[in-house]
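The values are calculated or read from the model by the stated rules, or taken from the named source; none is laboratory data. Since the structure is predicted, the reported quantities are computational estimates derived from the model, not experimental observations. All Cβ positions, even for glycine, are placed from backbone atoms using ideal geometry, and neighbour counts span all protein chains on display.
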């Protein structure tokens, strides 16, 4: 099975190179090899590789910058995935694509299910929601994996930002009234590999939530990062104080809660990523090796 991995140097893409290798011949491309703003080049590259599976791990992920760069974010998060989906349909290939909890507005108090109505608050969320819609409209085989609060040991993410700020500041102030499910990129990559093996040849067109179990606020997540990071010598034991969203205004509005239900992932595929805290500990321990 030939697998085309787009976005190999991103948080999830980096981990996917290892998890996908045992199940197929992986052709992995980064931004320098495939510019997602050049839609004709995207279609041409897919024709040349002629994969049976395409895993699109590339995205515009700067939530705040997207407010002033929505056109660019839309090209990468919506128009490029639509081009990939159409190319996959013509080849009869399966497209696996990642989306975000930020397609929801956080107005309900329970965990979000796959069939809940999307209602994004931000430009980033709008572009991710449109990407989902355009992929579905193409009519080809696809599996959209929505995930939440992704972090890892490389790239730009909340975990690395907190460790850096703890080394630079005497105290941190972190928002405590937004809830989500912190999810390690390696767990997403492992789940993706398992799903790829199971559905690569299936006539599948669906969206599945892939995220860690449980919930945290940004403040409780940051507190765990600093506490466990300090115990491993990755940062000092800096004080982390809770603040409200109103006290930390940002260009992009965030949903007050975007916890994803993973019941379908478990009931349909027998998969669970496990609670978020053990995964955080594993990630931090991995960083000191």
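Summary of values
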{"quantity": "Some residue of the range 66-80 being closer than 20 Å to residue 204 by Cβ, touching a residue at least 24 places away in the same chain (Cβ under 8 Å) and surrounded by fewer than 17 Cβ atoms within 10 Å (Cβ to Cβ)", "calculated": "no"}
{"quantity": "Qualifying residue in the range 31-42 (condition: within 29 Å of residue 250 (Cβ to Cβ), under 21 Å from the mean Cα position of the chain (by Cα) and surrounded by 16 or more Cβ atoms within 10 Å (Cβ to Cβ))", "calculated": "yes"}
{"quantity": "Hits in the range 241-279 - residues which are within 23 Å of residue 63 (Cα to Cα), in contact with a helix residue (DSSP H, G or I) (Cβ under 6 Å, 6 or more places away or on another chain) and crowded, with 17+ Cβ neighbours inside 10 Å", "calculated": "252, 258, 260"}
{"quantity": "Of residues in the range 13-30 being in a helix (DSSP H, G or I) and touching a strand residue (DSSP E or B) at 6+ places or on another chain (Cβ under 7 Å), the one surrounded by the most Cβ atoms within 10 Å (Cβ to Cβ)", "calculated": "16"}
{"quantity": "Scan of the range 182-201 for residues that are over 14 Å from residue 54 (Cα atoms) and either at pLDDT below 95 or assigned to a strand (DSSP E or B) (or both), ordered by number", "calculated": "183, 184, 198"}
{"quantity": "Counted residues, the range 157-173 - those being surrounded by 15 or more Cβ atoms within 10 Å (Cβ to Cβ) and not in a helix (DSSP H, G or I)", "calculated": "3"}
{"quantity": "Any pair with Cβ under 7 angstrom, 6 or more apart, that starts in the range 262-289 at a residue that is on the phi > 0 side of the Ramachandran plot and ends at one that is outside any helix (DSSP H, G or I) and at pLDDT 95 or above", "calculated": "274/212; 274/213"}
{"quantity": "Residues located in the range 88-122, provided they are over 27 Å from residue 45 (Cβ atoms), within 19 Å of the chain's Cα centre (by Cα) and in contact (Cβ under 8 Å) with a residue 60 or more places away in the chain", "calculated": "101, 102, 104, 105, 106, 111, 112, 113, 114, 121, 122"}
